[in-house]
Amino acid sequence: MTSPLPRLTPDRLPGLGAYLPAPPWTEPRIGIVHLGLGNFHRAHQAMYTEDAMLAAGGDWGICGVSLRRPDTRDALAPQDCLYSVLVRDARAERVRVVRSLRRILVASEEPDAVLAALGDPHVRIVTLTVTEKGYCLDPGTGGLDLRHPLIARDLDDPAHPQSVPGYLVAALRARRADPFTVLSCDNLAHNGAALRRAVTDYARALDPELADWIARTVAFPSTMVDRIVPATTDADRQDAARVLGCVDAWPVPTESFRTWVIEDRFPGGRPAWERAGAIMVDDVTPYETAKLRMLNGIHSTLAYLALLAGLQTVDQAVGQPDLRALLYRTMTDDIAPTLTVPASFDRARYRDELLARFANPALKHRCIQIAMDGSQKLPPRLLGTLSDRLRDGHAVDRLALGIAAWMRFLSGQSESGAPLELNDPMAARLRALAMPGASASVDALLGVREIFPAPLAADVRFTAAVRRAYEALASHGALATARRYAAL
Ligand code: CS2
C-alpha cells in the first residue's frame, strides 16, 4: 500500500520549522566519517554535532558508514539523509528533524568509496559505534584477536579491508601527512585505549613502522556516551508521519536525557561539542566506569531476569517491585561503592535518575535488545565490579545473579516456555553449553575464557555464588529470587 503522504525531503523543510532548531542552517562540508550508522549514533553524536554547528558553525557534516547492511542507506537516501528523532518522556513527545548527516555509504557494497571518504583531508575525525564485537579484541590479552576470521582475512588483503581495524589502518596509512582523530563511542571500558590497541596491533602485523607512527601520532580520545535509544518500530514511523505530515522511513525514538563526556585530545580540531552540552575532560575514566557499571550493568541484569519472567520492556520490568528492589540494592550496596568519582558526582542521585529513566513508559525499550551480545557485554558491565567486590572481601550474590540469569537465558526459554531469541557472536557455542535446566552448564559456561578471565573463574566465592543463583532461579523463578536477593 502506498502512503498518501509525501516523503521527508529538503524541499519540505520550510514547512517543518517547528521541528528545526534556530538559527538558520548552513549546509556544512563533511568533516566527520562515522562507522556504524545505527539508531544510537543518529540520536546522540549526530545531534550533538548538529547543535555544535548551530551554536558555533564549522564544517562538521557527517558521512555515515554502515559496515554491512544497506537498510539505513535505503531508507534515508531518498530523504537526502534527513531523519527525525522522537524525543519521549512520560508526559511529552518532541520531534526534531536532524540535518547533520550528509551522506551514507555501505562498506560491503562500496568499500572504495569508504576509503575515499576516510582519505578526504577535510575529514578531521572518525567516530565509531560498531558495538563491542566490532573491535575484534581478544579479552584474554586485551589486544587484537589475530585469529578472528575478519582480521585474518584483512591481513591477507589489507588494501580491501572489511574489519574496523582494517579500514582504519588502510585509511591512516594513506593519511600519514595529516591523520584524523579516532573517537570510539562504544560502551567499552577505556574505549579509546581499546581501539588504539586494536588498530596498532593490526598495523604492527603488517608494518611495525606504521604501527609506531600511529602510536606516536594518532589521537584516540576515550569518551562516555549515554542516551537510551530503542530500536524503531512501525508505531514510531506512524508517529513521525502524523507529527511531520510526511513520511520518514526511519525515525529514531529516544529519551530527552543525554550525556557525552569526551577527552579533549583532537589535534586536527573538533566541533564545539561543549556548546551542545558535552563535557570536555582530561580523563573520562570515572564517568565511563560509573556509566558502564551502574547503567549498563543494571540494564543487562534487569533484561535477563525480566525475560525469564516473561516481561518484555524495561519500563514493565523496573515497574515490577521485586526487580526494582533488587536493582536498587545492587546499585546502592554492590556497584556504587566500587566507583571512584569526582566529589560533584552524587551516586545516590545517579541511581535514582537511572531508575527514573528506565521507568520511562514512552520508550518501550525492549529487554531482548539489551540481552543481545551478552558474551561481549558482561565483561565490561559486570565482571569488573565483581572482581573489585571480591578483592575487597564482599559477598557477590546479587552481582552473580545477573550472570546466572544470563546463563538461564542462554537455554532459549522463558520460565513459561516461551522462546527467547539468542543474538550473540558466540551463539552456537553458548547454546551448546547451556543445556536447558542443567546445572552442569554453569561450570561449562564459567569455563569460556573469552568471557570469564581465569582468576575470576578460579575464585570459588564467585563460582559458588553463580551456582547458588542459578539453582535459585531454577527452583523459584526470577521474581521470587529477585525478592530474596534484594533482602540479603
Ligand atoms: C543498553 C545500552 O542495549 C544495551 O545493552 O544497555 O545501549 C544503553 O541503553 C545505552 O548505553 C544508554 O546510554
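The values are calculated or read from the model by the stated rules, or taken from the named source; none is laboratory data. Keep in mind that this is a model prediction, so the values were computed, not measured. Cβ coordinates were reconstructed from backbone atoms using ideal geometry, including for glycine residues, and neighbour counts include every protein chain displayed. Accessible surface is based on the protein model in full, side chains and every heavy atom, while ligands, DNA and RNA are left aside. Shrake-Rupley method; radii C 1.70, N 1.55, O 1.52, S 1.80 Å.
How much FRET efficiency would the formula 1/(1 + (r/R0)^6) give for R366 and R216, where r is the Cβ-Cβ distance and R0 is 45 Å, rounded to 0.05?
Approximately 0.55, to the nearest 0.05.
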- Task: Evaluate the relative contact order of the chain (contact order divided by residue number), counting alpha-carbon pairs under 8 angstrom at least 6 apart; express in whole percent.
- Result: 15
- Note on segment 285-487: alpha-carbon gyration tensor, axes a ≥ b ≥ c; rule is a/c under 1.5 for rounded, else prolate if a/b larger than b/c, else oblate; result oblate
- Message: Going by average Cβ density within 10 Å per residue, which order do the peptides 68-76, 318-326, 402-410, 184-192 take, highest to lowest?
- Response: 402-410, 184-192, 318-326, 68-76
- Message: Using only DSSP helix segments of four residues or longer, with each worth -39500 (n - 2.57), what per-residue ellipticity at 222 nm results for the chain after dividing by its residue count and rounding to 500?
- Response: -12500 deg cm²/dmol
- Can you list the residues of segment 246-260 with backbone N under 18 Å from a point 7 Å past the Cα of A235, pointing along Cα to Cβ? 250-256
- Item | Chain lengthening between D89 and A343 when straightened (0.36 nm per residue, less Cα-Cα) | 88.5 nm
- Task: Report the calculated FRET efficiency for A159 and R275 (r = Cβ-Cβ distance, R0 = 35 Å), to the nearest 0.05.
- Result: 0.30
- A56 paired with R12, simple spin-label distance in nm, labels 7 Å along Cα-to-beta-carbon: 3.3
- Message: Going by Cα centres, segment 228-294 and segment 351-368 are how many Å apart?
- Response: 16
- What length, rounded to one decimal in nm, is gained on full extension from D392 through to D74, with 0.36 nm per residue of separation minus their alpha-carbon distance? 109.3 nm
- Residues listed by number, segment 217-232, amide nitrogen under 15 Å from E353 label point at 7 Å toward C-beta: 224-228
- Determine the dipole magnitude for segment 72-214: charges of +1 sit on the beta-carbon of Lys and Arg, -1 on that of Asp and Glu, nothing else is charged, the reference point is the Cα centre, and the result goes in debye to the nearest 20. 680
- Dipole of the chain, Cα-centred, from +1 at each Lys and Arg C-beta and -1 at each Asp and Glu C-beta, to the nearest 20 debye? 760
- Item | 0 to 90° range, to nearest 10: angle between helix 208-217 axis and the chain longest Cα axis | 80
- Message: Name the residue from H160, A404, A211 whose Cα lies farthest towards the positive end of the charge dipole of the chain, charges +1 on Cβ of Lys and Arg and -1 on Cβ of Asp and Glu.
- Response: A404
- Message: Taking a ≥ b ≥ c as the square roots of the Cα gyration tensor eigenvalues, with a/c under 1.5 meaning rounded and otherwise prolate when a/b beats b/c, else oblate, which class fits segment 161-313?
- Response: prolate
- Message: Using a 1.4 Å probe on the protein heavy atoms only, what accessible surface does F40 show? Give it in Å² to the nearest 10.
- Response: 50
- Item | Separation of the R242 and T26 label points, Cα + 7 Å toward Cβ, nm | 3.9
- Item | Cα-based helix-to-principal-axis angle, 191-206 vs the chain, degrees rounded to 10 | 70
- Task: Measure nothing fancy, just the Cα-based angle from helix 397-410's long axis to the longest principal axis of the chain, in degrees from 0 to 90, nearest 10.
- Result: 70
- Message: How large is the Kirkwood hydrodynamic radius of segment 1-129, counting all unique pairs of alpha carbons, in Å?
- Response: 15.4
- Task: Determine the gain in length on full extension of the stretch A487-A113; use 0.36 nm per residue of separation and subtract their C-alpha separation, reporting nm with one decimal.
- Result: 128.9 nm
- 12 Å cut-off, amide nitrogen to a point 7 angstrom out along T332 Cα→Cβ, residues in segment 448-488: 486-488
- Message: Taking 37 °C and 0.692 mPa s as the conditions, I'd like the Stokes-Einstein D for the chain in µm²/s, using the Kirkwood hydrodynamic radius from alpha carbon pairs.
- Response: 140
- Item | Exposure rank, largest accessible area first [E421, E255; 1.4 Å] | E421, E255
- Query: With point charges of +1 on the Cβ of Lys and Arg and -1 on the Cβ of Asp and Glu, referenced to the Cα centre of the chain, which listed residue (S300, P28, C136) lies farthest in the positive direction of the dipole?
  - Reply: S300
- Cβ-placed point charges (K, R +1; D, E -1), dipole of segment 285-487 about Cα centre in debye, nearest 20: 100
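Rounded if a/c is under 1.5, else prolate if a/b is larger than b/c, else oblate: which is segment 10-282, with a ≥ b ≥ c the root eigenvalues of its Cα gyration tensor? List each step's numbers first, then the result.
Numbers: a/c = 1.82, a/b = 1.70, b/c = 1.07.
Prolate, since a/c reaches 1.5 and a/b exceeds b/c.
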- Message: Along the charge dipole of the chain, pointing to its positive end and built from +1/-1 on Cβ of Lys, Arg, Asp and Glu, which listed residue (A480, A113, L67) has its Cα farthest out?
- Response: A480
- Any chance you could check the Cα centroid distance between segment 93-135 and segment 156-205 for me, in angstrom? 15
- Note on the structure: Diffing segment 250-258: the Karplus 3J(HN,Hα) column from phi (6.51, -1.76, 1.60, θ = phi - 60°), in whole Hz with x for Gly and Pro, holds 8, x, 10, x, 7, 9, 7, 4, 7
